[in-house]
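Notes for the one structure printed next.
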Amino acid sequence: MQQFKNRWQIEKNWQLIFPLIGIIGLVFSSFRLTKLIFADANIILLTSLSLFFTFLLIKICLFIFKKLENKWMVDYRWEMIRIFIVFAITGSSSVFVGRPIIKLLGINQENLPAIVYWVLFILISLFFYQLLLVFFGWLFGQFQFFWNFEKKMLRRFGLGFLFDKKS
């Protein structure tokens, strides 16, 4: 356990919650992915494939951590797990919030061509993504990281004038 704590620069036991949440999220995602791909599989095959996908997702995440470790300036390595959790929650939440808004506006595939519907769906979800990213970043104690990330993302969308200081 001490080796794990040293690797992720965990100094206090409460910081272990983030790797635990990350692993639970990966196991859940693997199970959902396995059920989606192999809907008719028996429980033993589902469990085995879920464990395989969990292992695969952990390897992918560790590879991504290694690549982003020098790019993202965080004080401790365990904070990267917290950042990934925020991205995961935000992505799911933006669709969860955007879907009822689209229905409320009367936008559906019956009254619009499919391409127009999906473009509007993505734009509305993207709008909520921007708001929720900063909110969940604040909630998880990473406000400054996500505020800077948000400004960089909006500059790439051509909306940098919102944050540029006027001289």
Charges on Cβ only, +1 for Lys and Arg, -1 for Asp and Glu, centred on the Cα centroid of the chain; of VAL134, PHE96, PHE55, which one is farthest towards the dipole's positive end?
VAL134
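Run the accessible area of the chain with a 1.4 Å probe and give the carbon-and-sulfur part as a rounded percent. Show your work: numbers first, answer last.
Details: 7970 of 11650 Å².
Answer for the chain: carbon and sulfur cover 68 percent of the accessible area.
Could you estimate the translational diffusion coefficient of the range 1-92 from the Stokes-Einstein equation, with Rh from the Kirkwood formula over C-alpha pairs, at 4 °C and 1.567 mPa s, in whole µm²/s? Before the final figure, lay out each step's value.
Numbers: Rh = 14.4 Å.
After rounding, the answer is 90 µm²/s.
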Which of the chymotrypsin sites (Phe, Trp or Tyr not before Pro) found in the range 69-167 are loop residues per DSSP with 14 or fewer other Cβ atoms within 10 Å of their Cβ?
TRP72, TYR76, PHE157, PHE163
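How big is the equivalent ellipsoid of the range 3-56 along its three axes, where each semi-axis is √(5λ) from the Cα gyration tensor, reported in whole Å from largest to smallest?
The equivalent ellipsoid of the range 3-56 has semi-axes of 30, 10, 7 Å.
Semi-axes, largest first, in whole Å: what does sqrt of 5 times each Cα gyration tensor eigenvalue give for the range 77-152? Intermediate values should be presented prior to the final figure.
Values: eigenvalues 173, 22, 19 Å².
Semi-axes (√(5λ), whole Å): 29, 11, 10.
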Taking only the alpha-carbon positions of the range 2-155 as identical scatterers, the Debye log10 I(q)/I(0) at q = 0.11, 0.16, 0.21 Å⁻¹ comes out as -0.59, -1.05, -1.26
For LYS66, which aspartates and glutamates qualify as cross-link partners when the Cα separation must be under 16 Å and same-chain residues fewer than eight apart are set aside?
ASP75, GLU79
For the range 52-103, rounded, prolate or oblate, judged on the Cα gyration tensor with a ≥ b ≥ c (square roots of eigenvalues), a/c < 1.5 rounded, else prolate if a/b > b/c?
oblate
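The values are calculated or read from the model by the stated rules, or taken from the named source; none is laboratory data. Since the model is a prediction, treat every value here as computed from it, not as a measurement. Don't worry about glycine lacking a Cβ; one is built from the backbone with ideal geometry, like all the others, and counts go over all protein chains shown. Heads up: the accessible areas ignore ligands, DNA and RNA and are worked out on the full protein's heavy atoms, side chains in. Shrake-Rupley method; radii C 1.70, N 1.55, O 1.52, S 1.80 Å.
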